[in-house]
Structure formats: C-alpha cells, structure tokens
1. Take Ala80 and decide whether it is surrounded by 11 or more Cβ atoms within 10 Å (Cβ to Cβ), small (Gly, Ala, Ser), in contact (Cβ under 8 Å) with a residue 24 or more places away in the chain and closer than 21 Å to Glu22 by Cα.
2. For the structure I just gave you, tell me whether Tyr140 is free of Cβ contacts under 8 Å to residues at least 12 places away in the same chain, among the aromatic types (Phe, Trp, Tyr), surrounded by 14 or more Cβ atoms within 10 Å (Cβ to Cβ) and part of a helix (DSSP H, G or I).
3. Is at least one residue of the range 107-116 closer than 27 Å to Leu175 by Cα and surrounded by 11 or more Cβ atoms within 10 Å (Cβ to Cβ)?
4. Could you tell me which of the residues Ala93, Ala122, Ala150 is modelled with pLDDT under 90 and surrounded by 10 or more Cβ atoms within 10 Å (Cβ to Cβ)?
5. Where in the range 1-70 are there helices (runs of 4 or more DSSP H), lying wholly inside it, with at least 1 residues that are at pLDDT below 80, among the hydrophobic types (A, V, I, L, M, F, W, C) and farther than 30 Å from Gly92 by Cα?
Amino acid sequence: MPVRRQLDSRFESTDTDVVLVEGLYREFGVPLLRHVRKATGNDLQWAEDVVQETLVRAWRNAGRLHREPGLLWAWLLTVARRIVIDGRRRRGARPQEVEPPDANAVPVPDGSDRAIEAMIVADALRELSPEHREVIEHTYLRDRTINEAAEILGIPPGTVKSRLYYGIRALRKVLKERGVAS
C-alpha cells in the first residue's frame with residue numbers, strides 16, 4: 001500500500017485527537033524539526049519548542065484539519081512558520097534580559113591610561129623634524145583644516161598634506177619602535 005494511502009487511512013480511521021497528534025508527530029515530527037531548525041538559525045531548543053507548539057495547535061484544531069497528508073504537511077509548515085515569525089517579533093520588541101552587574105566588578109575609568117598614552121605620543125612627537133611636528137600639531141592637536149594650517153604656517157596646502165603624510169608615517173615608526181603602535 002503506498003504511503004499516501006497509509007496516511008489517509010490512518011488519519012481517517014482515528015476518532016480521537018490524541019491519536020491524530022501522535023500520528024502527526026510520528027509522520028511529520030522529524031522533517032518538521034529539520035525545516036524549523038533552518039528557520040530558527042539552527043537553534044535546536046527554539047526549534048523543538050516551535051514543533052511542540054505546532055503540534056499543540058494541531059491538537060486544538062484537530063476537528064478542522066484536513067486528513068490528507070499533503071494538506072496536513074502544508075498546514076504544519078504554515079503554523080510553524082508563523083510561530084517562528086511571532087518569536088522573532090517578540091524577541092525584537094523586548095530588550096534582552098541581563099543580570100545586573102556586580103558593583104564591585106565594574107571597572108571605573110581613572111584616566112591614567114589616556115594620560116600615559118598622551119605622554120608617550122608627546123615624547124614621540126619630539127623625535128620628529130620640526131616641520132612634521134608643527135603640521136601634526138596644527139592639524140591633529142589643534143583641529144585645524146589643511147588650508148587653515150597652510151595659512152598659519154605660510155606654506156602651500158600641498159606642502160601641508162605632504163608633511164602631514166610623512167610626519168604621521170614617522171610618528172608611527174617611532175611609536176612602533178617603542179612597542180606602542182602596531
């Protein structure tokens with residue numbers, strides 16, 4: 001007897017909803033779980049919950065279900081897909097729950113790292129040529145544009161760009177020698 005007829009006769013001959021759901025689980029449980037795992041990003045626990053909820057809904061709607069295997073499979077897939085979509089919406093609507101941090105374990109920034117880094121960079125700047133150092137000071141440290149730095153220093157903007165490029169390269173080399181920069 002073909003599988004389709006076996007399913008048709010098995011589901012039609014059952015009068016109780018429990019037997020229907022057991023038959024659904026036996027016939028469709030594994031492929032439904034495989035399908036739902038893909039939809040849940042391979043989250044096995046969530047996929048198992050979705051399959052269980054799908055079969056609970058099948059049990060609740062047992063009287064209204066069509067007993068043909070193709071229609072049952074389509075119904076199960078539709079219900080499972082909607083459960084996954086609802087789960088994603090719920091997760092997106094609520095902030096993720098986290099435990100409050102231990103007050104003694106929370107680091108308090110004291111600024112010492114930043115101060116040490118500033119001292120190292122200032123010391124490294126002293127090793128650059130005066131031309132490179134003044135261009136870096138005007139552009140990075142005083143937050144001036146290339147044109148503003150060129151006007152203040154009395155040199156063309158192209159020269160500022162060139163000195164800035166080579167000055168930054170030299171600064172990186174000095175910091176790398178000191179083991180500060182990569």
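1. yes
2. In short, yes.
3. So far as the range 107-116 goes, yes, one or more of its residues are closer than 27 Å to Leu175 by Cα and surrounded by 11 or more Cβ atoms within 10 Å (Cβ to Cβ).
4. Answer to the selection: Ala122.
5. 3-13, 17-39
The values are calculated or read from the model by the stated rules, or taken from the named source; none is laboratory data. Quick caveat: nothing in here was measured; it's all calculated off a predicted structure. We place every Cβ from the backbone using ideal geometry, glycine too, and count neighbours over all the protein chains shown.
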